[in-house]
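K.L.:
Quick one: this structure, given as structure tokens, is what I'll be asking you about.
The values are calculated or read from the model by the stated rules, or taken from the named source; none is laboratory data. Model, not experiment: these values are computed from the prediction. All Cβ positions, glycine included, derive from the backbone under ideal geometry; neighbour counts span all protein chains shown. Just the protein is used for accessible areas: all its heavy atoms, side chains included, with ligands, DNA and RNA removed. Shrake-Rupley method; radii C 1.70, N 1.55, O 1.52, S 1.80 Å.
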Amino acid sequence: MNASTRHIRFPRWAGLAGLVLLALGSTFSCLWNTWVQDDLPIIKVNGLVHTLAHPWVLFGQAYWPWPYPRDLYRPLTMLSFAVQWVVSGGHEPIFRIVSVLLYLGAVLAVYRLARRCLGPGAAWVAAAWFAIHPVHVEAVAVAVNQAELVVGILVAMLTASYIDHRRSGDAITRRSMSLMVFGYLVAMLFKESGAMLPAMLVAAELTIIDDGRTWRERFVLLRPLYLAFVLVAVCVAGVRTIVLAGNTKGSFTAEALGGLHVGGRAITMLGVVPKWYRLLFWPAHLQADYSPGEIVGTTHWGTAQSFGALLLIATFVLAWYCWHRRPVVAFGILWTAIGLIPVSNVLIPTGIVLAERTLFLSSVGVVIAGADILWLAGAWLYSRGSPGRIAAATGSIVLLAMGLSRSMSRQMVWRDSATLWFQSVIDAPRSWRAHHAYASVLFGVNMKKTAELEYRKAIDLYPAAVPVYIDLADKYRAAAMCEPALNLYKEVLAMMPAHNGVRGSEVACLLWLGRYKEAAVEARLGASYGPQHTTLARYAEIADSADRVHAPPHTVNLPPPVDSIPKR
């Protein structure tokens, strides 16, 4: 801190109290939220997390429950949901309270880490910025995103402890090493992004840790710790692969990335880079979904790719320039980049091209690097005399107020499914998933004509959106409108001919319409795809029987349809 700002002082308890108030102020409006989005299948209707009778069973289960594909492995997240469910009797408020408390813990953990990198005032600015950052809303407003908060706390706390040990000049003790490795294990069992902890520690080692030893000596000193990290990561990966039945990737591929190779994914994600920067630095506009056509996969270079490449180059140059001049800035940039690796989608595609919750960990690096730059700018303004001091104070207050207000209002968008998806079609008008979800909400309140328009809009935006076809077709069939339902079922079967659920619904509609010969042909075609399709073989016999007795139309009615492709 220079002479112009040396006299700025405030009690530490006051600083902590301010951070607590900012964190609670930006999140308390979520306390009245109900189950939304992935809360519904993963918590509300998932019997696995409704009991603690056999908690160890959760360590052998995929994160997504049946009938969803075996995606992701997060046993400690599931266990935490089970504890909250049993304690609360399945009521939402306890989940919201836990999310708010975890967020408060994350803010304090970031403050602890920032104190290892910055002066007290700049560290407070970093934590305050983090506390009111609107991009964090999704991580707090939805209960299933508690894992983002836990990983953020653990990685920030463990990195701060690592910096303390390294700066002490002593070797890391076995006890400290055991705690770090155990924390690493816990983080990975909450969410996959916890695997980035060793890389964060390396970033600190390369930038803000001033050690007189040679790099070779450092390597020998730290080798046991990093080998332990590798061993834990390999063990978790092995267990994860076994639990997910050999699924080494562990998740489906996002629609926008489907069919793209490494080059195409890299070009697509370059177009996402400007969105990362906007969300991390000026998140005035937020949205719950970024699926096609909000983000569309591409193999062609365009304006977005040029802008993204320019931003990356500029950031790399800044990190290089600051490496020795402002190492905290370089550390923050490295942290941010490492936090984005799990969702970069270039080498390994994931089920998400962009989601605001996935920026939670990366934002720690942004606020640390940004606070160092802002504090430097503020010190310069402060040295200009009264006008500069007024400008610095006013600017700080306005930015904090803007972030706090945006976070508070955005929390209320996640109040319930109707509120969320009504706002989502405004925020993300080109998202097929937003229109599909909104259509389901409208249908649930008997606004069927408007719902049908939203279903059709979702299909127009993304013609490969199989769940939309099935959902709308099933609605038609349930209303005895089998002609339009058949057209949609046939569209799906053209894309997925072996889908027995859709084939069964198609056959049911043909039977209802009295088209028995056609129904028998379709049923036998579906049964030919494998012995598991025994229901279709039975449907063929029903069709033959109805044809023999010349059953009138509308007399052969199979059970109501079941949506066999769960919506994600």
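K.L.:
List the pairs whose first member sits in the stretch 215-229 and is at negative phi and among the small types (Gly, Ala, Ser), whose second member is surrounded by 14 or more Cβ atoms within 10 Å (Cβ to Cβ) and modelled with pLDDT of 90 or more, and whose Cβ atoms are under 7 Å apart, counting only residues at least 6 apart or on separate chains?
P.N.:
Listed pairs, sorted by first residue: 228/177; 228/181.
K.L.:
Quick one: would you say residue 151 is closer than 23 Å to residue 352 by Cβ, open to solvent by 10 Å² or more (accessible area, probe 1.4 Å) and of a type in the set (Val, Ile, Thr)?
P.N.:
Criteria not met by residue 151.
K.L.:
Which of (1) assigned to a helix (DSSP H, G or I); (2) farther than 23 Å from residue 160 by Cα; (3) among the charged types (D, E, K, R) is the odd one out, the single condition residue 384 does not satisfy?
P.N.:
If we test residue 384 against (1) assigned to a helix (DSSP H, G or I); (2) farther than 23 Å from residue 160 by Cα; (3) among the charged types (D, E, K, R), just (1) comes out false.
K.L.:
Still on this structure, please answer the following. Could you tell me whether the stretch 425-441 includes any residue that is open to solvent by 10 Å² or more (accessible area, probe 1.4 Å), under 30 Å from residue 555 (Cα atoms) and of a type in the set (Val, Ile, Thr)?
P.N.:
For the stretch 425-441, residues open to solvent by 10 Å² or more (accessible area, probe 1.4 Å), under 30 Å from residue 555 (Cα atoms) and of a type in the set (Val, Ile, Thr): absent.
K.L.:
Moving on. Just to verify a result, which residue in the stretch 50-63, among those that are more than 16 Å from residue 192 (Cα to Cα) and outside any helix (DSSP H, G or I), is nearest to the chain's Cα centre (by Cα)?
P.N.:
50
K.L.:
Also, quick follow-up: For the stretch 278-312, name all the residues that are modelled with pLDDT under 95, open to solvent by less than 30 Å² (accessible area, probe 1.4 Å) and of a type in the set (S, T, N, Q).
P.N.:
The one that is modelled with pLDDT under 95, open to solvent by less than 30 Å² (accessible area, probe 1.4 Å) and of a type in the set (S, T, N, Q): 291.
K.L.:
A further question follows. Just one of 457, 449, 475 is in contact with a helix residue (DSSP H, G or I) (Cβ under 6 Å, 6 or more places away or on another chain), part of a helix (DSSP H, G or I) and basic (Lys, Arg); which is it?
P.N.:
Unique residue meeting the criteria: 457.
K.L.:
Only one of 397, 390, 373 is under 29 Å from residue 290 (Cβ atoms) and among the β-branched types (Val, Ile, Thr). Can you tell me which?
P.N.:
Just one listed residue meets the conditions, 373.
K.L.:
With the requirement that a residue be surrounded by 19 or more Cβ atoms within 10 Å (Cβ to Cβ) and part of a loop (DSSP other than H, G, I, E, B), what does the stretch 203-216 give you?
P.N.:
Matches in the stretch 203-216: 208 only.
K.L.:
When the stretch 466-480 is examined, which residues are found to be of a type in the set (A, V, I, L, M, F, W, C) and either within 14 Å of residue 439 (Cα to Cα) or buried (at least 23 other Cβ atoms within 10 Å of the Cβ) (or both)?
P.N.:
Those that are of a type in the set (A, V, I, L, M, F, W, C) and either within 14 Å of residue 439 (Cα to Cα) or buried (at least 23 other Cβ atoms within 10 Å of the Cβ) (or both): 468, 470, 472, 473.
K.L.:
I'd like to verify a number: residues in the stretch 10-52 that are loosely packed, with under 14 Cβ neighbours inside 10 Å and within 14 Å of residue 84 (Cα to Cα), how many?
P.N.:
3
K.L.:
Go through 409, 405 for me and flag whichever is among the polar types (S, T, N, Q), open to solvent by 10 Å² or more (accessible area, probe 1.4 Å), closer than 30 Å to residue 376 by Cα and in a helix (DSSP H, G or I).
P.N.:
None of the other options fit; the residue is 405.
K.L.:
I would also like to ask the following. Go through (1) at pLDDT 95 or above; (2) closer than 30 Å to residue 56 by Cβ; (3) open to solvent by 50 Å² or more (accessible area, probe 1.4 Å) one by one and return the number of the condition residue 198 breaks.
P.N.:
Answer for residue 198: the failing condition is (3).
K.L.:
Here are 157, 180, 200, 196: which of them is among the hydrophobic types (A, V, I, L, M, F, W, C), more than 23 Å from residue 411 (Cα to Cα), in a helix (DSSP H, G or I) and under 16 Å from the mean Cα position of the chain (by Cα)?
P.N.:
It is 196.
K.L.:
So, one more: Could you list, in sequence order, the residues of the stretch 524-539 that are assigned to a helix (DSSP H, G or I), surrounded by fewer than 19 Cβ atoms within 10 Å (Cβ to Cβ) and among the small types (Gly, Ala, Ser)?
P.N.:
Hit for the stretch 524-539 is 537, nothing else.
K.L.:
A further question follows. Inspect the stretch 217-224 for any residue being outside any helix (DSSP H, G or I) and of a type outside the set (Gly, Ala, Ser) and give the result as yes or no.
P.N.:
Checked the stretch 217-224: no residue is outside any helix (DSSP H, G or I) and of a type outside the set (Gly, Ala, Ser).
K.L.:
Do you know which residues across the stretch 494-523 are open to solvent by 50 Å² or more (accessible area, probe 1.4 Å), in a loop (DSSP other than H, G, I, E, B), under 17 Å from residue 484 (Cβ atoms) and in contact with a helix residue (DSSP H, G or I) (Cβ under 7 Å, 6 or more places away or on another chain)?
P.N.:
If the condition is that a residue be open to solvent by 50 Å² or more (accessible area, probe 1.4 Å), in a loop (DSSP other than H, G, I, E, B), under 17 Å from residue 484 (Cβ atoms) and in contact with a helix residue (DSSP H, G or I) (Cβ under 7 Å, 6 or more places away or on another chain), then no residue fits.
K.L.:
Limited to the stretch 101-131, what total is found for residues that are closer than 19 Å to residue 191 by Cβ and either open to solvent by less than 20 Å² (accessible area, probe 1.4 Å) or among the acidic types (Asp, Glu) (or both)?
P.N.:
Number satisfying all stated conditions: 7.
K.L.:
Looking at 220, 137, 142, 186, which one is among the aliphatic types (A, V, I, L, M), modelled with pLDDT under 95 and either closer than 23 Å to residue 43 by Cβ or exposed (fewer than 15 other Cβ atoms within 10 Å of the Cβ) (or both)?
P.N.:
Testing whether each residue is among the aliphatic types (A, V, I, L, M), modelled with pLDDT under 95 and either closer than 23 Å to residue 43 by Cβ or exposed (fewer than 15 other Cβ atoms within 10 Å of the Cβ) (or both) leaves just 220.
K.L.:
Sticking with this one: State all residues of the stretch 352-377 that are of a type outside the set (A, V, I, L, M) and open to solvent by less than 20 Å² (accessible area, probe 1.4 Å); if no residue qualifies, say none.
P.N.:
356, 358, 360, 362, 363, 365, 370, 372
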